[in-house]
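Peer 1: Here it is, the structure, as structure tokens.
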Amino acid sequence: MSAQISLGDILSVSIDATQQAGKIIRGVWQSGELNVKMKGVNDPMTDADVKAQQMIVGLLHKAFGTDLKIVGEEDCDTPPVSLNPNTSLIDPSKVPEEFKSVSKSDVVVFVDPLDATKEFTDGNLPAVMSLVGISYKGKSVAGVMFQPFVNNEDESNGVTMYGMLGMGCFGVTPKRRDGKELVIATTKSHSTPELEKAVSHLNPAKVLNVGGAGYKSLLVLKGEIDGYIFPITGTKKWDSCAPEAIIKAAGGKLTDKYGRDLPYFVDSPQPNDDGIIVTLQNHEEIISKLGFKTQ
């Protein structure tokens with residue numbers, strides 16, 4: 001029989017882990033030794049990606065055991081960490097009853113240690129985030145998005161945003177954009193004719209081409225755009241799991257281009273081949289205008 005754990009405890013350690021990873025990411029940046037390697041076209045990896053993932057996964061394993069299922073972006077080993085994980089950042093009384101004691105075997109944690117690596121290497125630091133998403137029975141239910149380079153001029157440790165279904169989202173005040181004309185964001189570095197055609201169906205007044213799945217989702221949360229539109233393959237489950245949980249906790253939606261939920265099992269295909277659409281309002285209307293029909 002699988003051990004029982006609290007998703008509140010996992011969320012707490014995930015918050016702690018992303019903050020610790022943020023210190024590593026800033027340290028690598030300040031050293032000037034990024035050690036950039038290319039995994040594919042417009043898909044760089046740096047020492048910060050690897051070291052941040054080792055910290056995040058190491059703290060989660062130390063807290064909950066190595067049998068906690070984790071899907072991380074980087075293919076690297078996970079040496080033991082010396083830090084002790086913090087399980088006291090979430091008030092247990094605030095955790096919904098259905099998540100207070102769950103079977104560990106039903107939980108998968110998706111880790112993007114450094115979302116927007118291309119922006120990191122280019123020096124566009126506000127777009128950089130560490131993302132940790134928590135799925136339960138294949139659904140994204142909790143997550144953390146951490147910005148290591150924002151609001152730390154006074155040596156404070158960046159900006160932490162997190163959420164859980166039934167508990168709400170914290171660290172950011174959700175705001176639905178109040179505007180008559182449609183403003184959207186889409187990819188900065190992975191555009192295709194299919195994407196351009198889909199965007200044209202929406203007839204937006206403005207299109208922001210920015211990097212980072214987490215950062216574009218944050219723009220939706222803040223009400224700076226109406227939607228993050230990316231109805232093609234390109235993102236992975238570790239890009240979408242954390243933003244989805246926080247968006248849903250704020251009353252919004254993250255689906256594929258057909259309006260379907262994404263599956264987050266340990267053996268789910270990692271690429272989001274049918275794209276992602278992120279909104280706080282008018283989701284069905286945008287899906288309808290995109291015009292994709294299921295086969």
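The values are calculated or read from the model by the stated rules, or taken from the named source; none is laboratory data. Note that the structure is a prediction, hence the values are computed from the model and not measured. Cβ placement follows ideal geometry from the backbone for every residue including glycine, while neighbour counts extend to all protein chains displayed. Calculation scope for accessible area: heavy atoms of the full protein, side chains included, ligands and nucleic acids excluded. Shrake-Rupley method; radii C 1.70, N 1.55, O 1.52, S 1.80 Å.
Peer 1: Taking the conditions exactly as written (of a type outside the set (Ser, Thr, Tyr), over 21 Å from Glu33 (Cα atoms) and surrounded by 24 or more Cβ atoms within 10 Å (Cβ to Cβ)), does Phe110 satisfy them or not? Before you say what the answer is, go through the steps one by one.
Peer 2: Details: of a type outside the set (Ser, Thr, Tyr): yes; over 21 Å from Glu33 (Cα atoms): yes; surrounded by 24 or more Cβ atoms within 10 Å (Cβ to Cβ): yes.
Answer is yes for this residue.
Peer 1: A follow-up question, please. Mind counting the residues in region 75-94 that are within 21 Å of the chain's Cα centre (by Cα), of a type outside the set (S, T, N, Q) and at pLDDT 95 or above?
Peer 2: 3
Peer 1: Looking only at region 73-93, which residues are closer than 24 Å to Pro269 by Cβ and surrounded by 11 or more Cβ atoms within 10 Å (Cβ to Cβ)?
Peer 2: Glu73, Glu74, Cys76, Thr78
Peer 1: Condition (residue is assigned to a loop (DSSP other than H, G, I, E, B), within 21 Å of the chain's Cα centre (by Cα) and not aliphatic (A, V, I, L, M)) applied to region 39-50: is it met by at least one residue?
Peer 2: yes
Peer 1: May I pose another question? Under 9 Å between Cβ atoms, at least 6 apart or on separate chains: pull out the pairs that start in region 30-48 with a residue that is open to solvent by 50 Å² or more (accessible area, probe 1.4 Å) and end on any residue that is at pLDDT below 90 and part of a strand (DSSP E or B).
Peer 2: The qualifying pairs are Val36/Pro44; Lys37/Pro44; Met38/Pro44.
Peer 1: Take region 191-209 and flag every residue that is modelled with pLDDT of 95 or more and touching a strand residue (DSSP E or B) at 6+ places or on another chain (Cβ under 7 Å).
Peer 2: Passing the criteria: Leu202, Pro204, Ala205, Lys206, Val207, Leu208.
Peer 1: What number of residues in region 187-214 are out of contact with any helix residue (DSSP H, G or I) (no Cβ under 6 Å at 6 or more places or on another chain), within 18 Å of Gly291 (Cα to Cα) and not small (Gly, Ala, Ser)?
Peer 2: 9
Peer 1: I've got another one for you. From the set of residues in region 252-273 that are open to solvent by less than 50 Å² (accessible area, probe 1.4 Å) and in a loop (DSSP other than H, G, I, E, B), which is nearest to Ser217 (Cα to Cα)?
Peer 2: The residue in question is Gly252.
Peer 1: How many residues does region 113-131 contain that are surrounded by fewer than 24 Cβ atoms within 10 Å (Cβ to Cβ) and not in a helix (DSSP H, G or I)?
Peer 2: 2
Peer 1: Turning to a different aspect of this structure: Quick one: Ser156 ticks every box in (1) modelled with pLDDT of 95 or more; (2) open to solvent by 10 Å² or more (accessible area, probe 1.4 Å); (3) hydroxyl-bearing (Ser, Thr, Tyr) bar one, so which box is it?
Peer 2: (1)
Peer 1: Hey, among Ile70, Ile134, which residue is closer than 25 Å to Gly212 by Cβ, open to solvent by 20 Å² or more (accessible area, probe 1.4 Å) and assigned to a strand (DSSP E or B)?
Peer 2: Numbers: Ile134 fails: open to solvent by 20 Å² or more (accessible area, probe 1.4 Å).
Criteria check complete, one pass: Ile70.
Peer 1: Could you list all residues from region 242-251 that are open to solvent by less than 10 Å² (accessible area, probe 1.4 Å) and either of a type in the set (Ser, Thr, Tyr) or over 22 Å from Pro204 (Cα atoms) (or both)?
Peer 2: Of everything in region 242-251, those that are open to solvent by less than 10 Å² (accessible area, probe 1.4 Å) and either of a type in the set (Ser, Thr, Tyr) or over 22 Å from Pro204 (Cα atoms) (or both) turn out to be Ala242, Pro243, Glu244, Ala245, Ile246.
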